[in-house]
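K.L.:
Got a structure here, written out as structure tokens. Questions coming.
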Ligand SMILES: C[S@@+](CC[C@H](N)C(=O)[O-])C[C@H]1O[C@@H](n2cnc3c(N)ncnc32)[C@H](O)[C@@H]1O
């Protein structure tokens, strides 16, 4: 890092502001707004000291071979992703994080049903919305021969490195961004996990635009598929139907229209999906879509 006395950290000031303060500042009174804007830089520096150092998983694995034998829930809890049964709140500001374990989404057991038999293979896996990269660290050990990609609007948050990990910028609210940052890589994925903004439009775009980059027999998972239905700020200014409604219509062989996708994207999905299933996690729902 440029400022020598500060720990080697990647999270940028703009990311810190967007994640922890933008929302708060928007809602604050005039006086509080000014106070928060003046102090945010000092809060940022203070929080940098609480962020863990980037971990090189290839080195870490040499000392922790036992992790390659663990199940996905163990690994999610070990690396503190909210896909496991319990987690320490990774979304709190670094200086406010504590060791208290709270209920997490509990999706890992559902994931395992679909993925266990192929876990030893050389798979291409991408997660949209990586945050610190805690889920990709869990995947690194669970899928020990796989390449794991992470795409996020704030890739500077990512806390891991390895020859088998790659993280990069993508904004899932933009077809152009998905095209430019993911599709141009010409990778065919075995598994695509959508865990980014959870906004109504972004969930639709991600599934329909990326479905062509999923291999035959591949799996697409949409986490928190019920967010646009249940949380107003996940649909503000956006047009229904949400993805959950669209997928239910497809299951019931009913037609649907969405202004967020074109005819080709819709037809490609309809011709190539195999199964669509919904599952309840501990807090929210996920959809798992299999390709023919
Ligand atoms: C729920 S967190 C991901 C948690 C992570 N998958 C895990 O299991 O630990 C959501 C992430 O989505 C990212 N995000 C929000 N909006 C996005 C967008 N439009 N495009 C890409 N990523 C976005 C945020 O920066 C954040 O890192």
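K.L.:
Mind ranking 240-250, 220-230 by how tightly packed they are, going by the mean number of other C-beta atoms within 10 angstrom, highest first?
P.N.:
Answer by packing, highest mean first, reads 220-230, 240-250.
K.L.:
According to the square roots a ≥ b ≥ c of the eigenvalues of the Cα gyration tensor, what is the shape class of the stretch 217-292, taking rounded for a/c under 1.5, prolate for a/b larger than b/c otherwise, and oblate for the remainder?
P.N.:
oblate
K.L.:
So if each residue of separation counts as 0.36 nm, and I subtract the Cα-Cα distance between residue 257 and residue 275, what length gain in nm does that give?
P.N.:
Taking 0.36 nm per residue and subtracting the Cα distance, the gain is 4.5 nm.
K.L.:
Could you put 269, 42, 139 in order, starting from the residue whose Cβ has the fewest other Cβ atoms within 10 Å?
P.N.:
Ordered by Cβ neighbours within 10 Å, fewest first: 42, 269, 139.
K.L.:
If you don't mind, there's one more thing I want to ask. For the chain, with a Gaussian network of springs between Cα atoms less than 10 Å apart, report the residue from 198, 23, 105 with the top mean-square fluctuation.
P.N.:
23
K.L.:
Something else about it: Looking at the chain as a GNM with Cα springs under 10 Å, which of 78, 35, 91 has the largest mean-square fluctuation?
P.N.:
Of the options given, 35 has the highest mean-square fluctuation.
K.L.:
Can I ask one more? What is the stretch 33-114 by shape, rounded, prolate or oblate, if you read a ≥ b ≥ c off the alpha carbon gyration tensor as root eigenvalues and call it rounded for a/c under 1.5, prolate for a/b larger than b/c, and oblate otherwise? Walk me through the intermediate numbers first.
P.N.:
On the way: a/c = 3.39, a/b = 1.75, b/c = 1.93.
The shape class here is oblate.
K.L.:
Would you mind calculating the relative contact order of the stretch 68-181 from Cα pairs under 8 angstrom and at least 6 residues apart, reporting the percent as a whole number?
P.N.:
On the way: 207 pairs, mean separation 25.0, N = 114.
Value for the stretch 68-181: 22 percent.
K.L.:
Now for a separate question. Please work out the Cα convex hull volume for the chain and give it in Å³ per residue.
P.N.:
Values: hull volume 42.3 nm³, N = 292.
Taking the convex hull of the Cα positions in the chain, it is 145 Å³ per residue.
K.L.:
I've got another one for you. Given contacts defined as C-alpha pairs under 8 Å and at least six residues apart, what's the relative contact order of the chain, whole-number percent?
P.N.:
RCO, the chain: 14 percent.
K.L.:
Sticking with this one: Of 236, 39, 275, which is the most mobile in a GNM of the chain whose springs link Cα atoms less than 10 angstrom apart?
P.N.:
Maximum fluctuation in the GNM of the chain, among the listed residues, is at 39.
K.L.:
Sticking with this structure for a sec: To the nearest 500 deg cm²/dmol, what mean residue ellipticity at 222 nm is calculated for the chain from DSSP H runs of n ≥ 4 alone, each contributing -39,500 (n - 2.57), summed and divided by the residues?
P.N.:
Calculated from helices alone, the mean residue ellipticity at 222 nm is -10000 deg cm²/dmol.
K.L.:
Now for a different question. Percent relative contact order of the stretch 157-218, based on C-alpha pairs within less than 8 angstrom and at least six residues apart?
P.N.:
Values: 46 pairs, mean separation 23.1, N = 62.
Once normalised by length, the contact order is 37 percent.
None of the figures in this text is laboratory data; all of them are computed from the coordinates on show. Note that the coordinates shown come from a computational prediction; the quantities given were computed from them, not determined experimentally. Neighbour counts run over all protein chains shown; Cβ positions are idealised from the backbone, glycine included.
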